[in-house]
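Structure record follows, encoded as structure tokens.
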Amino acid sequence: MLKLDSLVKRFGAVTAVDGLSLEVSRAEVFGLLGPNGAGKSTTIGMCVGVIAPDSGRVTLDGVGPPTEPRVRASLGVAPQALAVYDDLSGWENIEFFGRLYGLRGRELKARVGAVLDIVGLTPRANDRVQGYSGGMKRRLNLAAALVHRPPMLLLDEPTAGVDPQSRNNILDLVRTLAQQGITIVYTTHYMEEASRLCDRVAIMDHGRILAIGTVPQLVAGHGGKSVVTVVRAQGEERTETDEPLHVITRAAGEGGVLGLRIDRPDLESVFLSLTGRSLRD
Amino acid sequence: MHAILALAVKDLRQLLRDRANAFFTFGFPLLLAIFFGVIFGGAGGGGSGIAVVVVDQDSGDGAARLIADMQADSALTVTLMQDRAEGEAMVRRGKATACIVIPDGFTAAVATILTGGSMRIEMVVDPSRRAAAGLLTGKMNELGFRQFGRVMGDTDSMLAAVGGAKERVLASEQTDPVTKGLMSMMFDSIANVARRANAPAGNDGDPAGGGGLADWRPVDVVVRELKDESVRPRSSYEISFTQGVVWGLMGCVTAFGLSMAFERSRGTLLRLSVAPITKAHILAGKAISCFAACMAVQILLLAMGVLVFGVRVDSPMKLGAAFGAASAGFTGVMMLLAGLSKSEGAGAGMGRAVVLVLAMIGGGTVPLFFLPQFMQTASKISPFTWATLAIEGAVWRGHSWAEMGLALGVLGAFGLVGFVVGTACLKWTHAS
Ligand SMILES: Nc1ncnc2c1ncn2[C@@H]1O[C@H](COP(=O)(O)OP(=O)(O)OP(=O)(O)O)[C@@H](O)[C@H]1O
Ligand SMILES: [Mg+2]
């Protein structure tokens with residue numbers, strides 16, 4: 001569906017994307033996980049044809065590069081920087097974007113109504129966006145990507161600046177879209193989002209992909225061992241192990257256990273082991 | 001085309017939604033047009049001639065005839081007053097250019113002109129209007145000569161004048177008898193000529209009558225004014241509404257020119273580039289919306305001028321052409337501004353300032369024909385000047401197509417060059 005081939009993009013001295021290759025298959029939810037400045041947005045920019053790579057190639061669905069408008073018609077993009085017009089109402093914004101994608105008449109109206117409903121903005125549809133909260137603008141930004149029913153969505157940090165409840169709504173929405181067979185590229189620096197949503201995740205840092213695979217694969221490959229912590233009267237006892245159950249059974253046999261904790265490796269540990277840094281620092 | 005229209009409609013909507021932009025594009029120009037129209041004094045900007053106050057202290061026929069001649073002259077606007085001090089006060093207050101006093105004995109003096117007497121007229125002028133005072137002196141000389149002609153044309157006055165002159169010569173002691181005799185013969189012959197020349201016209205002294213001496217003018221200056229300069233706006237609103245248009249165009253240009261910088265820094269420009277449209281679509285959308293807004297501003301303002309303030313348009317066809325050319329020209333200027341303002345901040349402020357200055361010298365503040373010559377020349381760099389000329393050409397200057405051609409062409413060139421240079425300089429991404 002989407003194929004990136006040794007993409008390189010430099011901004012002056014900064015190499016934002018450094019020889020990145022990956023392939024996203026149809027109906028897959030693909031996560032780009034990385035800290036600030038990893039090169040996620042630059043990658044998305046190249047995927048949708050607004051940033052020209054210094055070298056390498058992007059192909060979409062085997063039809064061509066996204067620099068061709070025809071190819072872009074099959075993309076839905078929600079940029080990280082909110083791209084909605086404050087002076088217009090929510091309805092007018094979505095209607096405008098719908099027209100850019102060739103929708104018109106009754107179909108346009110129906111689609112605008114439908115996507116505003118999906119993102120939960122119907123009650124505020126006729127208000128100017130100026131008065132929306134950050135989370136509402138974020139949802140509108142997402143609605144603009146959906147209006148023309150694209151078979152492929154590129155969502156750049158769609159939950160940035162959103163409260164936990166809206167965030168859950170957005171995650172649910174992405175799940176629903178994925179179930180409808182839409183291919184989704186999803187960037188985030190929240191590992192929970194990546195593990196909850198994505199079929200496969202690429203871990204990015206400094207413009208490079210450090211690891212790529214399903215979440216269990218990544219954790220198994222780079223997450224290290226689970227840590228079992230046994231709390232006794234005389235103190236805590238930490239054990240790194242691949243078989244936490246064995247450790248627990250043994251500890252229970254020895255008696256005097258006051259508490260137990262199992263820390264299973266996750267994407268955070270994967271990132272830590274790959275870069276020596278935490279995802280959020 | 002569908003996408004271009006969607007873009008254009010979006011831009012126009014945004015323009016109207018943004019209160020400040022909408023005000024500076026539509027409201028402010030209208031207020032200025034009305035304001036300038038009122039302070040420059042409603043009707044009759046220049047068509048009414050030099051305002052003078054006349055105080056008649058003579059009250060004779062001679063004075064009455066002079067006053068009638070003055071009133072009939074299109075170059076003068078005459079107000080009659082009884083009191084000299086009152087008349088001078090009018091001049092002091094700037095209500096009149098001069099106070100003309102016709103002194104007692106004027107009618108009697110008219111009769112003595114043949115023998116070296118002179119008609120005396122006093123004129124008190126406003127020193128700040130020397131040029132007008134000079135004009136006025138010439139004018140009064142011309143009218144004075146006409147009185148002289150009248151004396152010659154009127155048999156009775158002529159005979160009286162000749163008779164009086166003969167008597168004075170005969171009575172003179174310095175003149176020798178031979179000269180006295182010759183002079184006396186000469187005066188008799190003149191009296192004979194006068195009697196005969198005026199006879200067919202009617203004996204009872206019709207002064208304007210026949211082919212006699214009534215039409216005699218020692219200096220006959222035939223004044224023909226250049227068509228171009230003789231045409232003046234019929235009312236100050238015809239100027240001020242063009243000024244309003246200048247400000248309206250400026251509002252459009254800055255609003256749309258900066259909206260590009262705005263969209264770029266906000267990221268919406270990038271978002272538009274993601275849609276299945278080309279950059280040409282985006283540019284065309286901006287251009288069409290700017291063109292439409294320029295047209296709307298011009299039409300609305302002028303319509304207001306025509307419907308409410310009595311502005312008359314000589315040629316609606318030419319006005320349409322002027323509007324079209326101005327809209328095209330300013331769409332180009334807008335593109336140039338969009339291309340050159342790299343950011344919302346400093347660059348945009350600079351662009352706004354430049355456009356403001358161009359509008360000010362291009363007829364936005366002082367009407368073009370009031371500007372000193374060198375400023376008129378300098379103002380030619382401003383596209384606003386050409387828009388003003390084109391619109392004025394259609395509204396009151398009575399220009400022919402040929403005369404409008406230059407302004408229309410220059411506006412078109414501004415449009416083309418601005419569009420090409422502007423799009424070439426335009427940055428699409430938000431480079432840091
Ligand atoms: N237009 C630009 N000009 C200069 N440098 C840029 C530009 N865009 C991105 N960069 C640089 O490229 C690098 C990658 O930026 P990018 O926005 O792709 O990161 P990101 O992974 O999306 O980060 P974030 O999570 O903060 O959005 C950064 O160092 C950034 O400073
Ligand atoms: Mg980013």
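From helices alone, the protein assembly as shown scores -17000 deg cm²/dmol at 222 nm; the rule is -39500 (n - 2.57) for each run of n ≥ 4 DSSP H residues, then divide by the residue total. Per-residue surface analysis assigns B:I39 an accessible area of about 90 Å², computed on protein heavy atoms at 1.4 Å probe radius. Here each label is just a point 7 Å from Cα along the line to Cβ, and for B:K180 and A:R232 those points are 16.7 nm apart.
Apply 1/(1 + (r/R0)^6) to the Cβ-Cβ distance of B:D83 and B:R19, taking R0 = 56 Å, and write down the FRET efficiency to the nearest 0.05. Walk me through the numbers on the way to the answer.
Values: r = 56 Å, r/R0 = 1.00.
Plugging the Cβ-Cβ distance into 1/(1 + (r/R0)^6) gives 0.50.
Its Cα centre serving as origin, chain A has a Cβ charge dipole (Lys and Arg +1, Asp and Glu -1) of approximately 740 debye.
Volume of the convex hull of chain A (Cα atoms only), normalised per residue: 156 Å³. Partner lysines whose Cα lies under 20 Å from the Cα of B:K95, excluding those fewer than 8 positions away in the same chain, are identified as B:K139.
DSSP beta bridges fully contained in the protein assembly as shown are about 55 percent antiparallel.
Leaving out ligands, DNA and RNA, and with a 1.4 Å probe, what % of the accessible surface on the protein assembly as shown is carbon or sulfur? Walk me through the numbers before you get to the answer.
On the way: 19320 of 33160 Å².
Answer for the protein assembly as shown: carbon and sulfur cover 58 percent of the accessible area.
Compute the length gained on full extension between A:V257 and A:D163: take 0.36 nm times their separation in residues and subtract their Cα-Cα distance, giving the result in nm to one decimal. Kindly include the intermediate steps, with their values, before the conclusion.
Values: separation 94, 0.36 × 94 = 33.84 nm, distance 3.94 nm.
So the chain would gain 29.9 nm between A:V257 and A:D163.
Taken one residue at a time, the phi angles of region A:125-136 give Karplus couplings (6.51, -1.76, 1.60, θ = phi - 60°) of 4, 9, 8, 5, 5, 2, x, 6, 7, x, x, 5 Hz. Gly and Pro are set to x. Approximating the spin labels as points 7 Å out from Cα along Cα→Cβ, the B:R312-to-B:W428 distance works out to 5.4 nm. Here the dipole of region B:304-428 is about 160 debye; that uses its Cα centre as origin and unit charges on the Cβ of Lys and Arg (positive) and Asp and Glu (negative).
Can you tell me the length gained on complete extension of the stretch B:K380 to B:V417, counting 0.36 nm per residue apart and subtracting the Cα distance?
Details: separation 37, 0.36 × 37 = 13.32 nm, distance 1.61 nm.
Net length gain for the segment: 11.7 nm.
Couplings 3J(HN,Hα) of region A:229-240, computed from phi: 10, 10, 9, 10, 4, 7, x, 8, 9, 9, 10, 8 Hz, in residue order, whole Hz [Karplus 6.51 cos²θ - 1.76 cosθ + 1.60, θ = phi - 60°; x for Gly and Pro]. Under a model in which nothing but the beta-carbon of Lys, Arg (+1) and Asp, Glu (-1) is charged, the protein assembly as shown shows a dipole of about 1800 debye around its Cα centre. Contact order, relative form, for region A:2-219: 30 percent (alpha carbon pairs under 8 Å, 6 or more residues apart, mean separation divided by residue count). Once backbone amide H atoms are built at 1.01 Å from N, A:L2 has A:V24, A:D61 as its partners under 5 Å, excluding neighbours fewer than 5 places away on the same chain.
Write out the trypsin sites (Lys or Arg not before Pro) in region A:221-281 meeting two conditions: DSSP loop, and at most 11 other Cβ atoms within 10 Å of their Cβ. All intermediate terms of the calculation are to be shown ahead of the outcome.
On the way: sites: A:K225, A:R232, A:R238, A:R250, A:R261, A:R277, A:R280; in loops: A:K225, A:R277, A:R280.
For trypsin sites (Lys or Arg not before Pro) across region A:221-281 that sit outside H, G, I, E and B with at most 11 neighbouring Cβ atoms in 10 Å, the list reads A:R277, A:R280.
Rg and Dmax of region B:233-425, based on Cα coordinates, read 16.9, 54 Å. Taking all protein chains as shown and a probe of 1.4 angstrom, B:K95 keeps an accessible surface of around 130 Å².
Distance between the 7 Å Cα→Cβ label points at B:V357 and A:E268: 5.9 nm.
Please give the length that would be gained between A:T67 and A:R149 if that part of the chain were fully extended, namely 0.36 nm times their separation in residues minus their C-alpha to C-alpha distance (nm, one decimal). Could the numbers behind the result be given before it?
Working: separation 82, 0.36 × 82 = 29.52 nm, distance 1.99 nm.
Here the segment from A:T67 to A:R149 would lengthen by 27.5 nm.
Inter-part distance, region A:78-127 to region B:238-279, computed on C-alpha centroids, equals 23 Å.
A straight Cα-to-Cα reach below 19 Å connects B:K286 with the aspartates and glutamates A:D86, A:D87, A:E92, A:E95, B:D11, B:D18, B:E263, B:E344, residues fewer than 8 places away in its own chain not being considered.
Measuring r between the beta carbons of A:S278 and A:F11 and using R0 = 30 Å, the FRET efficiency lands at 0.70. Using the Cβ-Cβ distance between B:V38 and A:D172 with R0 set to 45 Å, the FRET efficiency works out to roughly 0.10. Of all lysines in the structure, those lying under 23 Å Cα to Cα from B:K180, and not within fewer than 8 positions of it along the same chain, are B:K166.
Exceeding 29 Å between C-alpha atoms, which entries from my cross-link table qualify? They are A:K40/A:K109; B:K318/B:K342; A:K9/B:K279. Cα-Cα > 29 Å for A:K40/A:K109; B:K318/B:K342; rest within.
Using the Karplus equation 6.51 cos²θ - 1.76 cosθ + 1.60 (θ = phi - 60°), what ³J(HN,Hα) coupling, rounded to whole Hz, does each residue of region B:265-273 give in order, writing x for Gly and Pro? Running phi through 6.51 cos²θ - 1.76 cosθ + 1.60 with θ = phi - 60° gives 6, 7, x, 6, 5, 5, 5, 5, 5 Hz. Please check region A:98-131 for residues whose accessible area, probe 1.4 Å, is lower by 20 Å² or more when all protein chains are in place than in their chain alone. When all protein chains are present, A:R99, A:L100, A:Y101, A:R104, A:R128 each give up 20 Å² or more of accessible surface. Considering only A:L173, A:L218, A:L20, the Gaussian network model of chain A with Cα springs below 10 Å gives its largest mean-square fluctuation to A:L173. Please work out whether region A:225-264 counts as rounded, prolate or oblate from its C-alpha gyration tensor, where a ≥ b ≥ c are the square roots of the eigenvalues and a/c under 1.5 means rounded, while otherwise a/b larger than b/c means prolate and anything else oblate? Note, shape of region A:225-264 comes out oblate.
For the pairing of chain A with chain B, what total accessible surface becomes buried, with a 1.4 angstrom probe, in square angstrom to the nearest 100? Provide the component values of the computation, followed by the final result.
Values: alone 13730 and 21780 Å², together 33160 Å².
So the total buried area for this chain pair works out to about 2400 Å².
Given a 1.4 Å probe and the protein chains as shown, B:M1 ends up with an accessible area of around 140 Å².
The values are calculated or read from the model by the stated rules, or taken from the named source; none is laboratory data. Computed from a predicted structure; not experimentally measured. Don't worry about glycine lacking a Cβ; one is built from the backbone with ideal geometry, like all the others, and counts go over all protein chains shown. Each accessible area value is taken on the protein alone, full model and side chains, heavy atoms only, with ligands, DNA and RNA left out. Shrake-Rupley method; radii C 1.70, N 1.55, O 1.52, S 1.80 Å.
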